[in-house]
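Peer 1: My questions will all concern the structure given below.
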Amino acid sequence: MKNIVILISGRGSNMEAIARSVLPGAKIAAVISNRPEAKGLEVARGLGIEALALDHKIFPDRESFDARLMQEIDSFAPDLLVLAGYMRILSDDFVRHYSGRMLNIHPSLLPSFTGLHTHRRALETGVRLHGATVHFVTPDLDVGPIVIQAAVPVLPEDTEETLAERVQAQEHRIYPQAVRWFVEGRLEVDTTGHVHVRDASAAPDGWSVPPVEP
Ligand code: NHR
Ligand code: GAR
């Protein structure tokens, strides 16, 4: 059995998409939020998943919070740690501890728009294509090996909200896909930091084209 631990900070819609599509042979062992008020905690409990909060505000600094978070996570013996809308930068020691077994979804077509407020910045910049990226987490923010991306058009009448909604529909498709590949043991990061998907049925090297929207 492969254990998956998911970290959230908010709504938990990606967590839910992953939980609903998890393969036999894998299990969401726990969902942990750094924000006690995160809606996703209730969503997880509704799905029968153990859900707990660890409030970062009661810790004196980032390192002590991360050390305690690591303890909680490791009590579930995770094979994979999934960041799903988790909003705290993780310290280097934490990232090294889960090296090669921690994924994040970032709401942009990386390497464009690392960091926060990606939809607003995409609209301000005037890009015609935007999207989401699943990547392995490395100490430097939002630059780890890319597993899968999906692109969406930016439409003239878009607001941050309508654009976010279009991107998130793709997130709910590509994040479960990436997790399934990981659970199947099919992801490989080569020495140049490129990810390969072994025996991908979708396309020659595991990329997948999102369905064209109307
Ligand atoms: N940690 C490391 N080391 N590397 C990454 O690639 C990480 C990471 C932690 C989170 C997710 C990320 C994203 O997809 C992620 C990737 C939060 C911030 C941030 O600035 C930046 C990137 C991401 C998540 N957080 C503020 C902080 O001081 C707090 C913001 C808030 O609470 O609203 O931690 O974009
Ligand atoms: C998602 O769109 C995710 O890409 C983004 O937050 C949303 C979380 O939604 N992540 C970040 O912005 C990380 N900085 P969810 O809680 O419903 O999955």
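Values quoted throughout were computed directly from the atomic coordinates according to the rules given, and no laboratory measurement underlies them. Because the structure is a prediction, the values reported are computed rather than measured. Glycine also receives a Cβ, built like all others from the backbone with ideal geometry; neighbour counts cover every protein chain displayed.
Peer 1: Can you spot the lysines whose alpha carbon is less than 20 Å from LYS39's alpha carbon? Ignore those fewer than 8 places along the same chain.
Peer 2: Answer for LYS39, where 20 Å is the Cα cut-off: LYS57, listed by chain and number.
Peer 1: Taking H placed 1.01 Å from N in the peptide plane, check which residues at least 5 places from ILE148 or on another chain put their amide H under 5 Å from its amide H.
Peer 2: Correct list: VAL134.
Peer 1: Please order GLU165, GLU171 by the number of other Cβ within 10 Å, starting at the fewest.
Peer 2: Ordered by Cβ neighbours within 10 Å, fewest first: GLU165, GLU171.
Peer 1: Also, I was wondering about something else. Over the alpha carbons of segment 66-196, what is the largest minus smallest coordinate on each principal axis, giving the biggest first in Å?
Peer 2: Each principal axis gives a Cα extent; for segment 66-196 these are 47, 30, 26 Å.
Peer 1: Using the Karplus equation 6.51 cos²θ - 1.76 cosθ + 1.60 (θ = phi - 60°), what ³J(HN,Hα) coupling, rounded to whole Hz, does each residue of segment 160-175 give in order, writing x for Gly and Pro?
Peer 2: Values, residue by residue: 3, 5, 5, 5, 4, 4, 5, 5, 5, 4, 6, 4, 5, 9, 7, 5 Hz.
Peer 1: Sticking with this one: In whole Hz, with x marking every Gly and Pro, tabulate ³J(HN,Hα) for segment 71-88 from phi via Karplus 6.51 cos²θ - 1.76 cosθ + 1.60, θ = phi - 60°.
Peer 2: For segment 71-88, the Karplus curve yields 4, 4, 4, 5, 5, 9, 6, x, 8, 9, 10, 10, 8, 10, x, 7, 10, 10 Hz.
Peer 1: Could you compute the longest span of the chain free of trypsin sites (Lys or Arg not before Pro) located in DSSP loops and having at most 12 other Cβ atoms within 10 Å, not counting the site residues?
Peer 2: 1-127
Peer 1: List the residues whose amide H sits under 5 Å from the amide H of ALA51, counting only those 5 or more places along or on another chain, with H placed 1.01 Å from N in the peptide plane.
Peer 2: Counting only residues 5 or more places away or on other chains, the set is VAL31.
Peer 1: Whose amide H sits under 5 Å from the amide H of LEU7, counting only residues 5 or more places off or on another chain, with H placed in the peptide plane?
Peer 2: ILE32, VAL82, LEU83, ALA84
Peer 1: Let me check the size of segment 28-137 from its C-alpha atoms; what are the radius of gyration and Dmax in Å?
Peer 2: My reading of the Cα-based Rg and Dmax gives 15.4, 45 Å.
Peer 1: Another question, if that's okay. Taking every DSSP beta bridge that has both residues in segment 58-214, what percent is antiparallel when rounded to the nearest 5?
Peer 2: Bridges in segment 58-214 are about 80 percent antiparallel.
Peer 1: Could you give each residue of segment 129-145 its phi-based ³J(HN,Hα) in whole Hz, using Karplus coefficients 6.51, -1.76, 1.60 with θ = phi - 60°, and x for Gly or Pro?
Peer 2: Running phi through 6.51 cos²θ - 1.76 cosθ + 1.60 with θ = phi - 60° gives 10, 9, x, 9, 9, 9, 9, 5, 8, 10, x, 6, 5, 6, 10, x, x Hz.
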